[in-house]
Structures are given as C-alpha cells and as structure tokens.
Amino acid sequence: MNESDSRSLVEEASRVLRENDLGGWTKPAPGLYPHQWNWDSCFIAIGLARIDPERAATELRSLLRGQWRNGMVPQIVFDPKEKGYFPGPEVWQCERSPDAPTSVPTSGITQPPVLGTAVRAVFDRATAAGLRWAPEFAEEMFDRTLAYHRFFYDERCPDDDGLVVVVHPWESGLDNSPPYLDAGSRVHLAYTPKYERLDLLHVSAKNRPTNKDYDLFVYLLELMRDDDWNQKRYLAHAPLQVQDVLFNGILCRAHRDLEAVGAAIGRDTRELRDWRRQTSESINRRLWNDEDGTYWSWDRVAGTALRDDTLATFGTLYGGIADTPRCERLLRRLDDPTRFAPEDGYPVPTTALNSPRYNPENYWLGPTWIATNWLVIQGLRQYGQPDRAARLLHSTVELPKRHGFREYFNPRSGEGYGTDRFSWTAALSIDLIQSQDEVRQAT
Ligand code: 9WN
C-alpha cells in the first residue's frame, strides 16, 4: 500500500471511529452493537492512542465505569437508553449481585483482558507526546487494572495453578469458535430458554451463530444468573469451563504491559510478574501437545483437550509464552497452506482451513478478523519475525481498503461480512499502518 492509500485509509478509519463515538465511549458498530464492549473498547483505545491520546484515555475510563467490586471488568457496559440488543440489562439482572456497580447496568461476565495492554499503549503515546496527564492516568489505571487481574486469580483459577477458566462462550470473545461448540455440545440444557434474537435484524443468519448456539449462550447466562452472579458458587457446578489458551495468553501479555506501566511510575509489580510466570508455566505444562505440535485449550468439565485447530494457539506468541522450538512449530502451522495460510488469500483464518468445522462465511468458524490478526502480528514481532509480521500486516490492511470496515472477512476472497463501519477494524487498521511506518523509520 502506498503512502497516499495509507493516509486515506487512516482518514476513513478515523471517520468510522467518530461516527461510532457516543461522547465518552465508542460503540462497536451502528445497529448491531449499540453498547460498550470490553475488549472492543481496549482495541479502540489502542487505535485512538495514535490519533487522539486524550480521547483514548477517556475510552478506558468510561469502560471502567462498569468495573465490579470484585475487580471484574464486564463484557458489556450498557447504554440504558438503547433497547436494540439482546440480551439487554433486564435479562442479565446483575443487580442481584452486591458486587455489580449501581451507577450503570452491565452484563455479568467478562471478556479477554486486553485492558492492561491498552493502558500501556495510551500511557506510552501520551508520554511520548509530552502530555502532562500521563502519569496521573497511569496511577489511576494501574490500580484498577491490577484489581481486574486479581479477580482472575481470586475467582477464576479453580486449580490454583494460574490457568484462568472461561465460563461462557461470550467471555472468550470468539463466541462460536469450535472449542466452545465442542465443550458446549457436552452441556445438558435442562430446558430450552425462551428469547428473541435481535442480531438477525442486522446480519444474515448464515454469517452468525446458529439458534442452537444461542440456546446454549442464553441457557448458561440464566444458570449463572440463578447463582446471583456469585463466581464461587457458580464455578462449583458450572457446566462449561474452558482453560482457554488465547484468553490466558492475552492475560500474560497484559500482565507484562501493566508491569511496564507500573515500573514507569515506581509501583511494586512483583505480583504481576509472579502471576505471569505462573500462568505462562501452566500453559506450557498443561496445554502443549508435543505430538500435535500445538497448544490446545482444555475442557475442565470433561477433563479433555479441545483439539480444534483455531488461531487460539498463536496467543502463546502474543503472550510471550512459547519457547523457541515451540515457536518454530507454531510458525510452521501458521505457514501451512492447508491450515492457516490460504494461497493467494487473506490469513489468518480464525479456524483452520482443514478443520471439519471450517466455514469461511460464518463468524468465528473461519473468517479473518482484524483483531485476531493484530494479536498474531504483535506475536510475530516479539519473536523476531519482522518479515512475516510485515507480510501479514500488508494483507490485513488490504482487507478494509478493498472491502470496507467490515466485521470479518472471507480468508480466500476477502469478501466482508457481518456489520459494516466496525470500530475495531478501523482502530486497529490505524494502529497497524502507523506501527509499520515506525518500523520502517527505525530500519
Ligand atoms: C457478544 C462486539 C462483540 C465482540 C465479540 C464478538 C461479538 C457479541 C455478539 O461482538 O459478540 O459479546 O452479540 O455476537 O464475538 O468478540 O466483542 O463487537
């Protein structure tokens, strides 16, 4: 992409973010997603940090309006005026928990913890720009994010080994990804929940999770709600518990980024380092399969590995978890045209091309997403693979350039699906383009 293409893509991406800006926070998309989502806002802040650090800081502060007393940062912070999304606050009923905030309605689960990484991105950009509020922002965010990380170790590590469990597919961020369909197929639904989907008013059913998937999503929501969102009580019988390699990898990366922020403002970061080491060690010990040459998430209820080939394994590059021999085996997987490198296409498919569940048009069953590519690119850079990172970056930003700021894309043709004017596609395109300029200037 030449300089003028890059410039106009950044301009258009900035326009998308302005359109979806609701004052202090950004909705992921018009129509389909009218509230504030956790990891979306973090990705949005990472992009905004490049063009408007002040607004990026506001994005994270507004997300933390929803933080629970137990430290959890929820998946969704609702806009009480908006009625167009299912399930809304009246379904979650989080007021049943004494830990839920009273000032704003939220959902009762979390999402991949990108927050620490977003805090670092905003802090670093604000510092580089000489903005006076940077240290104050870091002080405030350090404590809140530390409390979020502590939530995982206090409430979500049932084996006490630093492996965090995800209890709802929506928490994983990759809702209908094959490991969740597998673990979900073993959940016995004692009844069929009654509800009305609203997502299909905006997006074709062939691009979205099935009704059966939604039955599981809503059933699990209602089951956890019956325990008044009490984590310990629910975990004692939760029928879906996944020790997810991507989620835990993201947490390790966030620990490291928060450690950097803490160090810059003279805070004690030992706890973060210990958590990071423990989680990373457990991922290597419990989730690596040497025969298959990959990491698999673990179904803690069934006591079995979830051997569905998805991009989740590359979360160990992003999280700095794999050692050199394991990294090499993962790179071979990434370069394999039968798995993650579609010839003349647009890697990285979220589900491997040769997986029996692969579907290039459906949500997390195959399409390429900008956020997951962003994670892989960071991982490649970290493992000394600048050329691979640059190639992947190039094909990634071609997607919005050719097909618009769509939610996800066909890994072979590039065709866009889901909603249009999707905020994280825009925000991370800005980050990718500008980060590549930095790499170029440095060499
Ligand atoms: C449920 C907002 C969110 C993303 C998720 C993505 C999708 C929601 C939905 O949209 O999930 O959280 O209604 O389908 O899977 O990763 O955060 O963009």
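No value in this document is a laboratory result; all are computed from the given coordinates. As the structure is a computational prediction, the values presented were derived from the model and not from experiment. Glycine gets a Cβ as well: all are built from the backbone with ideal geometry, and neighbour counts include every protein chain shown.
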Discussion item. How big is the dipole moment of the range 353-432 about its Cα centre under a simple scheme where the beta carbon of each Lys and Arg is +1, that of each Asp and Glu is -1, and everything else is neutral? Debye, nearest 20, please.
Written reply: 140
Worksheet item: Where a ≥ b ≥ c are the square roots of the eigenvalues of the C-alpha gyration tensor, would you call the range 1-157 rounded, which needs a/c under 1.5, or, failing that, prolate if a/b is larger than b/c, or oblate?
Response: oblate
Worksheet item: If you take the charge dipole of the range 310-443 about its Cα centre, with +1 on Lys and Arg Cβ and -1 on Asp and Glu Cβ, which of L393, S435, A322 is farthest toward its positive end?
Response: A322
Worksheet item: To the nearest 20 debye, what charge dipole does the range 207-349 have about its Cα centre, counting +1 at the Cβ of each Lys and Arg and -1 at the Cβ of each Asp and Glu?
Response: 460
Worksheet item: Can you give me the Cα centroid spacing of the range 109-153 and the range 372-443 in angstrom?
Response: 23
Practice prompt. Mind checking the full-extension length gain between A390 and N359? Use 0.36 nm per residue of separation minus the Cα-Cα distance, one decimal, nm.
Written response: 8.5 nm
Worksheet entry | Residues whose placed amide H lies under 5 Å from that of T294, excluding near-sequence neighbours | N289
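Could you give the size of the charge dipole of the chain about its Cα centre, using +1 on the Cβ of each K and R and -1 on the Cβ of each D and E, expressed in debye and rounded to the nearest 20?
Numbers: 53 positive and 64 negative charges, 28 e Å.
That gives a dipole near 140 debye.
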Worksheet item: In percent, how large is the relative contact order of the chain, given Cα pairs closer than 8 Å and 6 or more residues apart?
Response: 18
Response to the item:
What helix-only [θ] at 222 nm does the chain give? Using -39500 (n - 2.57) per DSSP H run of at least 4, over all residues, to the nearest 500, the answer is -15500 deg cm²/dmol
Worksheet entry | Semi-axis lengths, Å, the range 332-388, gyration tensor of Cα atoms, sqrt of 5 times eigenvalues | 20, 13, 9
Response to the item:
Taking a ≥ b ≥ c as the square roots of the eigenvalues of the Cα gyration tensor, with a/c under 1.5 meaning rounded and otherwise prolate when a/b exceeds b/c and oblate if not, the range 240-286 is prolate
Worksheet item: Given a Förster radius of 30 Å and the C-beta distance between R233 and N284 as r, what FRET efficiency does 1/(1 + (r/R0)^6) yield to the nearest 0.05?
Response: 0.45
Worksheet item: Which of F43, P239, A205 sits closest to the plus end of the dipole of the chain, meaning its Cα is farthest towards the positive end, when Lys and Arg get +1 and Asp and Glu get -1 on the C-beta?
Response: F43
Worksheet item: Within straight cross-link reach of K401, meaning Cα distance under 30 Å, which lysines are found once same-chain residues fewer than 8 apart are removed?
Response: K27, K206
Fill in: Rule-of-thumb Rg ratio for the chain [Cα; 2.2 N^0.38 Å; N residues]
0.90
Practice prompt. Rank by packing, highest mean first: peptides 367-373, 10-16, with packing defined as the count of other Cβ atoms within 10 Å averaged across residues.
Written response: 367-373, 10-16
Worksheet item: How large is the Kirkwood hydrodynamic radius of the range 380-443, in angstrom, based on all distinct alpha carbon pairs?
Response: 12.5
Item to complete: Quickly rank 115-123, 388-396 as a protection proxy: mean count of other C-beta atoms within 10 Å, highest first.
Response: 115-123, 388-396
Worksheet item: Can you list the lysines whose alpha carbon sits under 20 Å from that of K232, skipping same-chain ones fewer than 8 residues off?
Response: none
Worksheet item: Sorted by average packing, counted as other Cβ atoms within 10 angstrom per residue and highest first, what order do 435-443, 101-109, 164-172 take?
Response: 164-172, 101-109, 435-443
